1. Tell me which of these A:Val279 doesn't satisfy, since it passes every other one: (1) exposed (fewer than 15 other Cβ atoms within 10 Å of the Cβ); (2) in contact with a His (Cβ under 7 Å, 6 or more places away or on another chain); (3) not polar (S, T, N, Q).
2. Considering only residues that are in contact with an Asp or Glu (Cβ under 9 Å, 6 or more places away or on another chain), closer than 20 Å to B:Gly155 by Cβ and touching a residue at least 40 places away in the same chain (Cβ under 8 Å), which ones fall in region B:260-289?
3. Among the residues of region B:139-164, which ones are over 21 Å from A:Leu164 (Cβ atoms), in contact with a strand residue (DSSP E or B) (Cβ under 6 Å, 6 or more places away or on another chain) and of a type in the set (D, E, K, R)?
4. Give the residue that is modelled with the lowest pLDDT, with candidates limited to residues of region B:5-27 that are of a type in the set (A, V, I, L, M) and farther than 19 Å from B:Ile300 by Cβ.
5. Could you say which residue among A:Ile112, A:Ile102 is out of contact with any Pro (no Cβ under 9 Å at 6 or more places or on another chain) and at pLDDT 95 or above?
6. Scan region A:239-265 for residues that are not in a helix (DSSP H, G or I) and not β-branched (Val, Ile, Thr) and jot them down.
7. Considering only helices (runs of 4 or more DSSP H) fully contained in region A:93-161, which possess at least 3 residues that are of a type in the set (A, V, I, L, M) and at the interface with another protein chain (Cβ under 8 Å from one of its Cβ atoms)?
8. If we scan region B:190-200, do we find a residue that is within 14 Å of chain A (Cβ to nearest Cβ) and under 23 Å from the mean Cα position of the chain (by Cα)?
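The values are calculated or read from the model by the stated rules, or taken from the named source; none is laboratory data. None of the values given here were measured: they were computed from a predicted structure. Counting neighbours? That spans all protein chains shown, and the Cβs are built from the backbone with ideal geometry, glycine included.
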Amino acid sequence: MASDQASTPPRLPEIQSHDLPQVIVLHPPPVFNYFKDLFSKKFHLLKAWESSLPRHEFLTNHAHSAQAMLCSGTGPPISADIIRLLPSLSLVVTTSAGLNHIDLTECRNRGISIANAGEVFSEDVADLAVGLLIDVFRKVSASDRYVRHGLWATKGDYPLGSKLGGKRIGIVGLGSIGFQVAKRLQAFGCNISYNSRKRKDFVSYPFYTNVCELAANSDVLIICCGLTEQTRHMINREVLLALGKEGVIVNIGRGAIIHEKELVQCLVQGEIGGAGLDVFENEPDVPKELFELDNVVLAPHMAVFTTESFKDLCDLMIGNLEAFFSKKPLLSLVMNE
Amino acid sequence: MATEDNEVEDPRPLVLIHNLPSFKLPLQDRLITHFRLFDSLASPEASSVRALICVGPTPVTADTLDHLPSLRLVVGSSAGLDHVDLAECRRRGIAVTNSGDAYSENVADYAVALLLDVLRRVSAADRFVRSGLWPQMGEYPLGCKLGGKRIGIVGLGSIGSEVAKRLVAFGCTVAYNSRNKKPSVMYPYYANVHDLAVNSDVLIVCCALTNETHHIINKDVLTALGREGVIINVGRGALVDEKELVQFLVQGEIGGAGLDVFENEPKVPKELFALDNVVLSPHLAVLTPESFEALNKVIIANLKAFFSNKPLLSPFQQE
């Protein structure tokens with residue numbers, strides 16, 4: 001991927017000499033590992049990470065007239081500084097559902113449209129949320145470890161898990177993902193409640209105006225919301241204690257929605273029952289105390305990682321870019337709520 | 001609960017608890033409010049007892065029955081009854097009940113958990129993170145989406161139906177094989193497991209172990225399921241030809257497996273320990289406190305029905 005060329009400038013024409021529209025990419029999104037060619041066939045990708053120039057120089061010299069950028073949650077944040085280096089930028093397409101890595105205020109001021117992953121992987125993320133939850137309740141990974149270490153033959157039966165049906169599920173953020181999670185867990189006989197910025201008319205699940213109250217009335221909290229200034233560290237010790245000693249928390253949103261230090265402390269001290277975590281505050285660093293715990297299931301931010309989602313995502317990103325360049329409506333424009 | 005005057009005669013019916021020492025009936029204490037219990041075939045009461053509770057997998061054989069001339073009912077504590085000589089019971093006019101629906105939801109939950117784990121690599125990813133590999137190795141390989149997968153359920157009984165219900169909510173399509181087509185069921189039916197496998201991405205084995213179903217999942221079926229196929233077994237180990245399955249998995253001729261049961265528990269083929277596309281559990285699909293409560297209710301209900309000449313709650317029916 002990143003190839004540092006010492007003194008020669010990158011193979012990027014300074015003047016637009018071909019028909020393909022330009023798209024700036026600061027850092028390769030995960031979907032490039034599998035589908036980069038589909039993008040390169042249709043767009044002239046200005047790949048900042050392949051240039052030996054520092055980023056701001058690269059953008060100033062080579063991306064001056066570029067109108068569109070493709071980014072992901074795993075690259076550098078699309079800050080006001082970066083946006084200001086790109087006077088022609090009018091579209092940012094992100095491969096994520098989340099927008100916390102983009103300076104939304106700056107985009108709004110500049111009239112820059114944003115297109116995201118829409119609902120393309122909501123089902124896959126919901127599937128993993130449910131997978132993590134069942135794993136914690138029924139100790140799937142822990143008992144797999146037990147068998148692999150040869151302990152079944154020597155130590156006998158594994159401790160009991162807990163039934164999923166009848167559990168009270170508190171969904172934090174009833175958007176596209178949260179709704180899919182609810183649908184699945186209802187089929188297991190769970191009861192659903194939620195907290196969101198606003199009550200949703202299309203569901204009849206009980207609504208709680210604050211997360212603490214939701215936690216107090218739930219056996220499980222599933223974090224499905226976006227990371228914003230309001231939601232940063234929203235799940236703190238107070239909420240976790242309200243959830244209680246038997247409570248389980250699952251996070252497939254963003255690590256920073258949970259106060260990670262306090263979560264680790266609660267888990268280590270047995271103040272909550274368990275956790276399934278796909279996201280962390282400082283990925284890929286995961287608090288090592290969690291490695292000792294059998295009531296915790298850990299995943300490397302992979303909720304969207306299926307071949308089907310990646311292909312659908314690729315089609316959607318390309319579709320948005322093509323729509324933009326042919327002045328048609330974007331497929332997954334983010335509307336301000 | 002016996003509230004009658006019990007100074008003259010104990011009104012509680014007599015029931016034998018038949019169990020090997022290593023298998024205890026959970027919540028046994030709850031039963032003594034309803035029934036007078038004893039636990040030895042050598043006891044003088046063995047000749048008059050009409051009902052026994054068989055704590056699985058303690059065998060009930062012709063020899064066992066020879067000690068119990070008055071027996072008319074065997075109450076099983078599990079869904080599967082392959083440890084009970086059903087033909088012999090039938091011959092002697094002895095009714096048999098199993099755990100009915102008590103476990104079905106828990107087992108169905110576990111079957112879905114195993115499938116999700118195999119397709120989305122949950123346990124393998126957990127291992128990856130715990131071993132500290134994430135910072136070194138970067139992004140994790142892609143898994144497979146559950147929605148849209150064609151699920152083939154082998155044995156659409158109580159457990160199979162609960163599995164189907166759950167997977168439909170994930171956007172899967174369901175087809176099944178059972179001994180007989182079920183007229184009230186909308187899912188497509190296949191008369192044999194091979195044809196079901198040909199038309200499925202996943203096989204979930206939920207049927208009872210009998211002479212007919214022994215090794216029902218064999219080389220032929222695994223080949224039909226294909227290289228991307230996944231098999232989940234929450235029935236009995238011997239439903240699957242384990243040697244063949246291990247070979248298929250080791251050679252990459254099948255996509256993955258989630259196994260709660262094995263042919264020689266607690267022995268698990270060691271070749272499986274090295275595979276990331278396999279999830280293993282120590283026969284615990286029923287094990288939650290909630291299922292023990294439910295089992296207790298079913299046992300009591302069956303016994304009470306028997307002793308008051310009413311229809312049994314969960315007479316054993318083969319799917």
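1. (1)
2. Correct list: B:Ser281, B:Leu284, B:Ala285.
3. Of everything in region B:139-164, those that are over 21 Å from A:Leu164 (Cβ atoms), in contact with a strand residue (DSSP E or B) (Cβ under 6 Å, 6 or more places away or on another chain) and of a type in the set (D, E, K, R) turn out to be B:Lys145, B:Arg150.
4. Let us first name the residues in region B:5-27 that are of a type in the set (A, V, I, L, M), namely B:8, B:14-17, B:20, B:25, B:27.
The next check asks that each one be farther than 19 Å from B:Ile300 by Cβ; those that pass are B:8, B:20.
Numbers: B:Val8: 68, B:Leu20: 88.
Top of the filtered list is B:Val8.
5. Working: A:Ile102 fails: out of contact with any Pro (no Cβ under 9 Å at 6 or more places or on another chain).
On inspection, the qualifying residue turns out to be A:Ile112.
6. Let us first name the residues in region A:239-265 that are not in a helix (DSSP H, G or I), namely A:244-254, A:258-259.
Across region A:239-265, the qualifying residues are A:Gly244, A:Lys245, A:Glu246, A:Gly247, A:Asn251, A:Gly253, A:Arg254, A:His259.
7. On the way: elements: A:104-110, A:122-138, A:140-148, A:151-155.
Helices (runs of 4 or more DSSP H) meeting the threshold: A:122-138.
8. Let us first name the residues in region B:190-200 that are within 14 Å of chain A (Cβ to nearest Cβ), namely none.
No - not one qualifying residue is present in region B:190-200.
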